[in-house]
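> I have a structure here, written as structure tokens, and I will follow up with some questions on it.
The values are calculated or read from the model by the stated rules, or taken from the named source; none is laboratory data. Values in this document were obtained by computation on a predicted structure and should not be read as measured data. Cβ: placed from backbone, ideal geometry, glycine included. Neighbour counts: every protein chain shown. Note: areas computed on protein heavy atoms with side chains; ligands, DNA, RNA excluded. Shrake-Rupley method; radii C 1.70, N 1.55, O 1.52, S 1.80 Å.
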Amino acid sequence: MQRLFPVLLVTCVFHPALGEGVICLWEKFFQVGHDVLGACQIHHPTPPGCPGQSLHVVTDGQVLLPYNYTADTGNFRVAAPRVNSLQLQCQLACPGLEPNRSCDVTIHGVNPPSNLQCHIPEGESALHCSWVSGRDPLLPTSYNLSWETALNRADLRGSIVINNVSGIIPRGQFRSQGYMSVWVTVIDGLSFERSGTVTFNTGDVEKPHAPKISSYNANPTDLEVQWEFKCSSPLRSAELDITCQAQYHRLDEDSWTEGEEVGQDSFMLYGIQPFTVYKFRVRCSCPGRHPLMSDWSNIFSAQSAEAAPVGVLDVWIDSRPKVEALVWKELPISKAQGDGGLRLSMQFPGLHNPATLAPPTACVQTHVRLSISMAMGGHGFNVSWDPPTTIAGNIQEYVVQQEEAERNSTEGFDWIKTEKTQRSITVKGDFKNCTAYNLLLFGIFANHSCALGSAIVFSRQGVPPLVPGFHVSSISSSVVTLKWERIPLTRARGEIQNYQVGQDEKAEYTVPRDETSLQVSGLQPGQTYQFWISATTNAGEGPRNTVKFYTLYRNDSFLILMEVLVPLCFLVIIVVCWYRRAAYSLVPTCCSDRVPDPMNSKLFFQMQTPIWTWPSPKTESDPNLSLLEVVESPLQQRELPPGEDEEAQAGQPEEWSDEQWEERGSGQRGVKEAYTKMTADTEEEGAVGGEETQFFSDYEKHFMPSPHEG
């Protein structure tokens with residue numbers, strides 16, 4: 001039974017929408033399956049010659065004319081829509097009025113409650129009912145749950161008002177194993193919508209417990225699950241008409257698939273993938289005239305058995321310096337079909353195609369240029385190549401390898417193999433920004449593999465860092481040579497285009513990226529200069545590194561030479577004089593003091609190390625010490641020719657008296673005493689075998705008096 005309020009048009013809430021000159025007057029909600037009434041009104045002032053008849057409604061591609069109108073309003077009817085929402089547009093179309101004025105409005109449909117179900121949970125006595133609302137959640141709605149029994153007794157009928165989509169009928173309001181009817185009425189201010197009536201025997205709506213999946217049997221191509229399920233009555237459980245439903249899906253799927261040929265306590269799934277996880281759930285119903293399904297069981301996971309792998313293992317040689325390792329890619333689960341590990345058998349020359357296991361070498365006199373462009377928004381590169389015809393026919397396969405430039409880590413290392421007829425490929429990966437990657441192209445031949453070409457790429461470039469090692473290498477009065485170091489690829493942050501060198505804020509020189517020095521000429525002597533250098537990438541110019549210097553004067557070269565040679569000469573003279581005793585004959589006289597040195601005397605040497613003839617004298621323990629005083633005697637005068645006497649006297653050194661020695665100080669007196677007295681540390685000995693003849697060297701003759709001089 002369906003019934004509308006007679007005061008519907010008074011109590012309903014309109015949803016006015018104002019457009020340019022037109023107002024939409026429609027209810028916010030409508031009942032699905034019933035006619036929808038609304039109106040469009042011309043906003044004052046009304047244009048001349050535009051009555052309410054000029055209004056029309058457009059919905060779902062249809063144009064509706066007013067079934068009634070006034071001077072400024074048109075009334076419209078949408079016949080029993082079966083949709084949950086309507087898009088309506090009121091338009092005012094008058095001759096000479098451009099453009100047409102309109103307004104838009106969206107209204108939502110409401111449905112009566114549906115899918116009403118009632119059951120008695122296992123272990124309880126009350127009746128639980130639930131239904132589907134059919135109303136917009138924004139619309140305040142109340143429900144009236146009503147029931148009555150077949151006995152039509154007043155104590156076995158009733159209703160409750162609730163705000164949810166479920167309700168509970170107490171056990172005292174119905175009889176066990178008896179028939180009763182239940183329905184729901186909506187109270188939302190628009191109408192009283194009543195659901196369909198559900199009639200059942202209370203003995204048939206006892207809901208059993210959900211099954212419990214207990215075990216499974218796994219094979220590579222099929223999987224069987226078993227469960228336990230019991231009804232409340234042993235007699236009912238013994239019957240053979242227990243009905244169960246099973247659903248399943250793979251671990252990587254979301255939607256459930258209904259199983260076929262489901263038994264009372266087991267389900268067999270055929271045609272599955274080996275070594276794959278599947279999820280299952282089961283529900284069952286007990287026998288009866290109106291069987292009621294239990295809730296779904298807990299989700300159960302089971303894995304199929306392993307099988308032999310399918311496909312070929314992708315093997316490659318990592319030939320980077322300090323690595324040279326055999327690498328391979330793990331097979332996907334669909335091809336590995338198990339987790340039994342990996343067993344390798346090496347191939348050697350002469351056996352079946354060892355090319356993929358031999359370390360790649362450089363192809364002799366062959367270089368293939370790689371054309372590279374960015375793809376996938378910086379997450380990949382399009383790589384293409386064109387090999388020479390001399391080797392293209394012998395290549396069996398191509399390999400494109402990617403790696404982080406100048407690094408030996410496994411991060412960023414990968415490879416892709418292609419057919420010999422393919423000339424391009426898209427390299428995908430998690431490429432990091434401002435990081436250099438090396439893309440290499442290898443060719444696989446019958447018995448070896450070699451590198452055909454390579455290229456350095458950046459997914460996204462950044463501003464380069466400071467140029468290291470910027471300094472002055474050589475300088476003169478007008479020319480200076482500047483040098484710097486290359487920025488390593490690991491720190492470049494982009495492809496270096498060139499170097500900019502300049503003064504102040506102006507770049508005066510653009511240096512190719514392969515150069516590391518620059519000679520600047522035309523400078524002024526004796527001036528101070530400051531130059532800077534910066535690197536440039538596609539992202540822009542990096543920070544500037546500066547160096548400051550001053551040029552030399554024109555005679556600065558001679559001054560520098562003298563500053564080096566003069567100290568060097570003094571150093572040589574000092575060294576020669578220091579070692580004059582070791583090479584006395586080579587030392588010039590200017591380096592020798594005019595004061596005699598007793599260490600050069602042969603007499604002193606004989607006294608220190610006397611030479612004995614056989615037989616050797618006896619050595620006494622306490623030798624006597626003797627003191628020898630040498631007194632300088634005046635030289636004999638000889639007659640000189642006239643004129644030479646004065647010259648000789650003038651050139652002869654002046655003789656000092658004791659008083660003069662005293663005046664010269666103790667230092668000079670010590671010199672005199674050192675060479676007029678000698679202490680002998682050996683005892684006086686007589687001549688052996690007679691009187692010994694004394695020989696004097698030139699040194700003694702020069703500095704010491706002769707015994708014949710009186």
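> So, for the range 302-342, what is the accessible surface per residue at a probe of 1.4 Å, expressed in square angstrom?
With all protein chains present, the range 302-342 gives 63 Å² per residue.
> Taking 19 Å as the cut-off for C-alpha to C-alpha distance, list the pairs among Lys506/Lys548; Lys329/Lys417; Lys207/Lys230; Lys207/Lys279; Lys329/Lys428; Lys329/Lys432 that go past it. Could you put the intermediate results ahead of the total?
Working: Lys506/Lys548 16 Å; Lys329/Lys417 12 Å; Lys207/Lys230 11 Å; Lys207/Lys279 24 Å; Lys329/Lys428 15 Å; Lys329/Lys432 22 Å.
Cα-Cα > 19 Å for Lys207/Lys279; Lys329/Lys432; rest within.
> Put Thr46, Thr221, Thr149 in order of accessible area, largest first, 1.4 Å probe: what do you get?
Numbers: Thr46 55, Thr221 80, Thr149 15 Å².
Ranked from most to least accessible, the order is Thr221, Thr46, Thr149.
> Let me ask something else about it. For the peptides 259-266, 224-231, what is the packing order when you average, over each peptide's residues, the other Cβ atoms within 10 Å and list the highest mean first?
Most protected by this proxy first, the peptides run 224-231, 259-266.
> Still on this structure, I have one more. Tell me, what % of the accessible area of the range 201-312 is carbon and sulfur with a 1.4 angstrom probe?
Within the range 201-312, the accessible surface is 48 percent carbon and sulfur.
> Would you kindly state how much longer the chain becomes between Leu65 and Ile187 on full extension, computed as 0.36 nm times their sequence separation minus their alpha carbon distance, in nm to one decimal? Kindly include the intermediate steps, with their values, before the conclusion.
Working: separation 122, 0.36 × 122 = 43.92 nm, distance 3.30 nm.
So the extension gain works out to 40.6 nm.
> Please list His34, His209 in order of solvent-accessible area, largest first, computed with a 1.4 Å probe with all protein chains present.
His209, His34
> Normalised by the number of residues in the range 53-108, what is the relative contact order in percent for Cα pairs under 8 Å and 6+ residues apart?
Taking the mean separation of contacting Cα pairs over the length of the range 53-108, I get 33 percent.
> Something else now. What FRET efficiency comes out for Leu251 versus Ala93 if R0 is 45 angstrom and r is the Cβ-Cβ distance? Round to the nearest 0.05.
That gives a FRET efficiency of 0.15.
> Separate question: Rounded to the nearest Å, what's the spacing between the alpha carbon centres of the range 501-538 and the range 265-317? Just the number, please.
Using only Cα atoms to place each centre, the spacing works out to 73 Å.
> Shifting gears a bit: R0 = 35 Å: FRET efficiency of Gln497 with Asp414, Cβ-based, nearest 0.05?
Values: r = 28 Å, r/R0 = 0.80.
The calculated FRET efficiency here is 0.80.
> Could you tell me the accessible area of Glu258 in Å² (1.4 Å probe, neighbours in place), rounded to the nearest ten?
Here the residue's solvent-accessible area equals roughly 90 Å².
> Let me ask you something else. Can you work out the accessible area per residue across the range 369-425, with the rest of the protein chains kept in place, probe 1.4 Å, in square angstrom?
54 Å²
> So how do Glu253, Glu403, Glu419, Glu515 rank on accessible area, 1.4 Å probe, biggest first, that is with the largest at the start?
Glu419, Glu515, Glu253, Glu403
> No solvent, one uniform scatterer per C-alpha: report log10 I(q)/I(0) for the range 439-547 via the Debye equation at q = 0.10, 0.13, 0.18, 0.19 1/Å, two decimals.
Scattering profile of the range 439-547, log10 relative to I(0): -0.40, -0.57, -0.87, -0.94.
> Multiplying the sequence separation of Ala80 and Ala539 by 0.36 nm and subtracting their Cα-Cα distance, what value in nm do you get?
Details: separation 459, 0.36 × 459 = 165.24 nm, distance 6.41 nm.
Contour length minus Cα-Cα distance gives 158.8 nm.
> Pop out the carbon and sulfur fraction of the accessible area of the range 361-508 as a percent, whole number, probe 1.4 Å.
Result for the range 361-508: 46 percent of the exposed heavy-atom area is carbon or sulfur.
> Could you compute how much accessible surface Ser534 exposes when probed at 1.4 Å, giving the result in Å² to the nearest 10?
In the full protein context, Ser534 sits at about 0 Å².
> Here is a further query. Roll a 1.4 Å probe over the protein chains and send me the accessible area per residue for the range 502-544 in Å².
58 Å²
> At q = 0.14, 0.27 Å⁻¹, what is the log10 ratio I(q)/I(0) for the range 424-496, with the Debye formula run over Cα points and no solvent?
The Debye formula, applied to the Cα set alone, gives -0.67, -1.18.
> Keeping the other protein chains in place, figure out the carbon and sulfur percent of the accessible area of the range 42-186, with a 1.4 Å probe.
Of all accessible area on the range 42-186, carbon and sulfur atoms account for 50 percent.
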